[in-house]
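Participant: Below is a structure I'd like to ask you about.
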Amino acid sequence: MSIVLDAGALIAIERNDRNVWAALKRAALRSEHVIVPSTALAQVWRAAASQAQLAKVLKYCVLAPFDGLAREVGALCGRAKVADICDAHVALVASREGEQLYTSDVADMQALLRIIGARRPAIIRC
């Protein structure tokens, strides 16, 4: 099983959200992958000293690249009539690789996953 973290989940890590930290610990204990779409990382990363904890966590995450999905992300944005490529990228990665998606944008992710026709992942609010 693997979990996917969107930008909201990365911000939750910075804010010491207990639920997200617990999920990361469970993933580590079970040797599960924690996947961070590269667009979500770009959305929150500012290389600030206050992001030291996030930097440590990222060492143990798998970064999902944008390159191979750019056209699909654009097409999904078109079908969903949205402009947020980050959300579309996260939804595509989560639908293919994640069993759980940690997000602060539950409604947006549900809508995108519905358009994709994905039966997974489970969406967890953070």
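No lab work stands behind these numbers, since they all come straight from the coordinates. What you are looking at is a predicted structure, and each value in this text was computed from that prediction instead of being measured. Counting neighbours? That spans all protein chains shown, and the Cβs are built from the backbone with ideal geometry, glycine included.
Participant: Test each condition in (1) within 18 Å of Gln100 (Cα to Cα); (2) among the aliphatic types (A, V, I, L, M); (3) surrounded by 10 or more Cβ atoms within 10 Å (Cβ to Cβ) for Leu29 and report the one that comes out false.
Facilitator: It is condition (3) that Leu29 fails.
Participant: Another question, if that's okay. When region 21-41 is examined, which residues are found to be free of Cβ contacts under 8 Å to residues at least 24 places away in the same chain and of a type outside the set (Ser, Thr, Tyr)? Break it down into steps so the answer makes sense when it comes.
Facilitator: Start the filter on region 21-41 by keeping residues that are free of Cβ contacts under 8 Å to residues at least 24 places away in the same chain, which leaves 21-22, 25-26, 29, 31.
Result: Trp21, Ala22, Lys25, Arg26, Leu29.
Participant: Within region 86-118, can you find the residues that are part of a loop (DSSP other than H, G, I, E, B) and either in contact with a helix residue (DSSP H, G or I) (Cβ under 8 Å, 6 or more places away or on another chain) or under 22 Å from Arg71 (Cα atoms) (or both)?
Facilitator: Within region 86-118, Gly98, Ser104, Asp105, Gly117, Ala118 meet the criteria.
Participant: So Val106 passes all but one of these: (1) in contact (Cβ under 8 Å) with a residue 24 or more places away in the chain; (2) surrounded by fewer than 15 Cβ atoms within 10 Å (Cβ to Cβ); (3) among the aliphatic types (A, V, I, L, M). Which condition number does it fail?
Facilitator: Condition not satisfied by Val106: (1).
Participant: Quickly run through region 47-85 and pick out the residues that are part of a loop (DSSP other than H, G, I, E, B) and small (Gly, Ala, Ser).
Facilitator: Once the filter is applied, which keeps residues that are part of a loop (DSSP other than H, G, I, E, B) and small (Gly, Ala, Ser), region 47-85 yields Ala47, Ala48, Ala83.
Participant: Looking at region 30-38, can you tell me whether even one residue there is of a type in the set (Ser, Thr, Tyr), on the phi > 0 side of the Ramachandran plot and more than 15 Å from the chain's Cα centre (by Cα)?
Facilitator: yes
Participant: Of a type in the set (D, E, K, R) and closer than 22 Å to Ile13 by Cα: does that describe Lys81?
Facilitator: Taking the combined requirement at face value, the residue does not satisfy it.
Yes/no matrix, rows are residues, columns are (1) buried (at least 17 other Cβ atoms within 10 Å of the Cβ); (2) more than 17 Å from His89 (Cα to Cα); (3) out of contact with any Asp or Glu (no Cβ under 8 Å at 6 or more places or on another chain):
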residue: Ile3; (1), (2), (3): yes, no, no
residue: Ala7; (1), (2), (3): yes, no, yes
residue: Ala12; (1), (2), (3): yes, yes, yes
residue: Asn16; (1), (2), (3): no, yes, yes
residue: Lys25; (1), (2), (3): no, yes, yes
residue: Pro37; (1), (2), (3): yes, no, no
residue: Trp45; (1), (2), (3): no, no, yes
residue: Ala55; (1), (2), (3): no, yes, yes
residue: Leu63; (1), (2), (3): no, no, yes
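Participant: Looking at (1) over 16 Å from Arg125 (Cβ atoms); (2) surrounded by fewer than 19 Cβ atoms within 10 Å (Cβ to Cβ); (3) in contact (Cβ under 8 Å) with a residue 40 or more places away in the chain, which is the only condition Gly74 fails?
Facilitator: In the conditions (1) over 16 Å from Arg125 (Cβ atoms); (2) surrounded by fewer than 19 Cβ atoms within 10 Å (Cβ to Cβ); (3) in contact (Cβ under 8 Å) with a residue 40 or more places away in the chain, Gly74 misses (3) alone.
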